[in-house]
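What follows is one structure encoded as structure tokens, with my remarks underneath.
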């Protein structure tokens with residue numbers, strides 16, 4: 001089963017930690033995601049540019065509206081994501097807890113929904129039967 | 001009594017003792033809470049139909065698991081009629097069912113523990129953990145849970161439905177965690193148990209007689225977890241001991257009219273010595289393990305009280321020492337408050353007030369009625385009537401339990 005691990009932290013607080021800290025953290029993330037990719041756990045993922053580069057797009061009544069900044073102003077900002085393959089939530093929690101920025105911010109773990117496979121409420125039972 | 005009545009009674013008894021075990025195994029085999037609950041009902045209906053004629057099988061538990069499983073397979077087959085893939089999967093499950101039947105009995109205790117860890121998974125909201133545990137592990141009805149927590153039944157039902165949906169959609173596994181994870185996840189289980197206990201403990205002084213005895217349910221649950229864990233966990237022993245020590249005093253906590261009786265005025269000859277002895281043994285084991293935590297220390301404090309012949313003859317120095325240790329493990333304002341109260345007993349109310357003064361600046365304690373009640377009591381013992389009165393007033397303004405409010409009003413009257 002696929003889970004998306006969304007990495008959040010407070011950008012300002014991270015900046016205050018200085019350049020050396022930032023470089024070391026990046027190295028750590030490279031090493032961790034590299035290992036996960038090699039073992040087939042990580043399917044995709046990336047770090048993101050800071051939230052100051054974000055643009056929010058909406059379509060209302062056929063009109064595109066574009067605004068500067070993220071959809072919601074929050075204390076912690078989305079900083080990157082890991083798309084992983086895990087057996088279950090406990091497995092995904094283990095992977096997420098070792099994502100380096102988990103020490104400073106938080107990781108939101110969300111199961112991925114397969115929009116092609118869902119047609120009725122029988123699907124959960126199909127999952128049950130497979131296991 | 002006819003043979004038929006006798007069998008029905010036995011089925012009733014088997015339902016009481018086995019239904020949670022059978023459910024736990026069916027959830028694992030079927031991978032779905034609702035499907036398993038339906039299957040459990042179907043299995044007992046089948047038993048009521050067949051056993052009076054054919055006799056109760058040698059191993060009713062295995063029979064029920066097997067019957068429930070085949071009922072579920074039937075249901076899946078009916079649903080899968082138009083879906084070839086589902087159909088094949090139902091058939092695979094059916095084929096495997098025959099092979100696996102032999103080993104079922106061995107795994108059944110593990111299944112109960114799996115169920116507990118799944119219901120108390122930290123990925124579920126605390127309220128949901130509590131409701132789900134009481135529903136699935138303890139077998140309480142949604143209505144009973146709602147009454148116990150003074151909530152509306154549809155609210156509780158919705159909470160349970162959402163929790164089950166998360167278990168399914170986020171795939172919270174049906175497993176007992178291992179290694180470091182076991183210890184971490186056990187904390188969540190113990191918190192749920194203690195929350196259930198405290199809810200019952202507070203309610204017993206309330207005005208509802210219809211509420212299910214949650215304190216005893218929590219004790220049973222802790223006993224169950226302790227007996228199922230692969231090795232005795234000190235904090236599980238500590239929590240069970242703590243609850244037993246509180247429970248041992250239940251007959252003396254309130255008067256016949258439901259008024260609160262303070263620890264110092266309780267009739268100690270009525271405390272349940274058998275429960276205290278059992279708690280002693282648990283606390284001793286937990287302390288010896290050197291891996292104990294806050295529950296064990298709180299139990300140790302309660303045990304010192306349980307063995308003191310009176311409030312005056314209590315080893316307050318020992319209690320202050322235990323609170324010091326507890327504060328290092330669990331630095332909380334409430335623990336600091338309790339420590340200050342013990343200091344007042346050991347060194348006198350004046351020293352107690354000195355220990356309490358800096359704590360009252362904490363926002364939590366400032367809003368906590370018992371902090372003001374403690375302050376009031378120390379002033380009262382020093383003969384400072386006006387200070388005592390204003391502190392009791394502050395406590396009364398913050399108390400929400402009717403019995404506690406009555407108690408504080410009584411204290412104000414006694415001050416004159």
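The values are calculated or read from the model by the stated rules, or taken from the named source; none is laboratory data. These numbers were taken from a predicted model, which means no experiment stands behind them. Neighbour counts run over all protein chains shown; Cβ positions are idealised from the backbone, glycine included.
Residues in the range B:133-162 that are within 19 Å of residue B:214 (Cβ to Cβ) and within 14 Å of chain A (Cβ to nearest Cβ): none.
Among what's in the range B:235-260 and is surrounded by 15 or more Cβ atoms within 10 Å (Cβ to Cβ) and over 17 Å from the mean Cα position of the chain (by Cα), pick the residue that is modelled with the highest pLDDT.
B:249
Screening A:65, A:52 for residues that are loosely packed, with under 12 Cβ neighbours inside 10 Å, touching a helix residue (DSSP H, G or I) at 6+ places or on another chain (Cβ under 9 Å) and either away from chain B (no Cβ under 14 Å) or assigned to a helix (DSSP H, G or I) (or both) leaves exactly one candidate, A:52. Within the span defined as the range A:71-88, one or more residues are part of a loop (DSSP other than H, G, I, E, B), within 14 Å of chain B (Cβ to nearest Cβ), surrounded by 12 or more Cβ atoms within 10 Å (Cβ to Cβ) and touching a helix residue (DSSP H, G or I) at 6+ places or on another chain (Cβ under 6 Å). Scanning the range B:311-327 turns up no residue that is more than 24 Å from residue B:382 (Cβ to Cβ) and either outside any helix (DSSP H, G or I) or touching a strand residue (DSSP E or B) at 6+ places or on another chain (Cβ under 9 Å) (or both). Condition check for residue A:58 on (1) exposed (fewer than 13 other Cβ atoms within 10 Å of the Cβ); (2) closer than 17 Å to residue A:14 by Cα: one failure, at (2).
When we screen B:223, B:184, B:175, B:136 for residues that are over 13 Å from residue B:116 (Cα atoms) and either touching a helix residue (DSSP H, G or I) at 6+ places or on another chain (Cβ under 8 Å) or not assigned by TED's automatic domain parsing to the domain that holds residue B:19 (or both), the only hit is B:184.
A single entry from A:17, A:60, A:23 fulfils the requirement of being over 14 Å from the mean Cα position of the chain (by Cα) and farther than 19 Å from residue A:104 by Cα: A:60.
Among the residues making up the range A:27-44, those that are surrounded by 14 or more Cβ atoms within 10 Å (Cβ to Cβ), touching a residue at least 24 places away in the same chain (Cβ under 8 Å) and either out of contact with any helix residue (DSSP H, G or I) (no Cβ under 6 Å at 6 or more places or on another chain) or not in a strand (DSSP E or B) (or both) are A:28, A:29, A:32, A:33, A:36, A:41, A:43. Across the range B:214-234, the number of residues qualifying as surrounded by fewer than 21 Cβ atoms within 10 Å (Cβ to Cβ), more than 18 Å from residue B:274 (Cα to Cα) and within 12 Å of the chain's Cα centre (by Cα) comes to 1.
Filtered by the rule that a residue be touching a strand residue (DSSP E or B) at 6+ places or on another chain (Cβ under 8 Å) and assigned to a loop (DSSP other than H, G, I, E, B), the range B:222-269 gives B:253, B:261. Scanning the range B:131-149 for residues that are over 28 Å from residue B:109 (Cβ atoms) and either in a helix (DSSP H, G or I) or free of Cβ contacts under 8 Å to residues at least 24 places away in the same chain (or both) yields B:143, B:146, B:147. Looking only at the range A:96-117, residues that are within 13 Å of chain B (Cβ to nearest Cβ), surrounded by 15 or more Cβ atoms within 10 Å (Cβ to Cβ) and more than 9 Å from the chain's Cα centre (by Cα) come to 2 in all. Taking the numbered list (1) touching a strand residue (DSSP E or B) at 6+ places or on another chain (Cβ under 8 Å); (2) in contact (Cβ under 8 Å) with a residue 12 or more places away in the chain in turn, residue B:219 passes all entries but (1).
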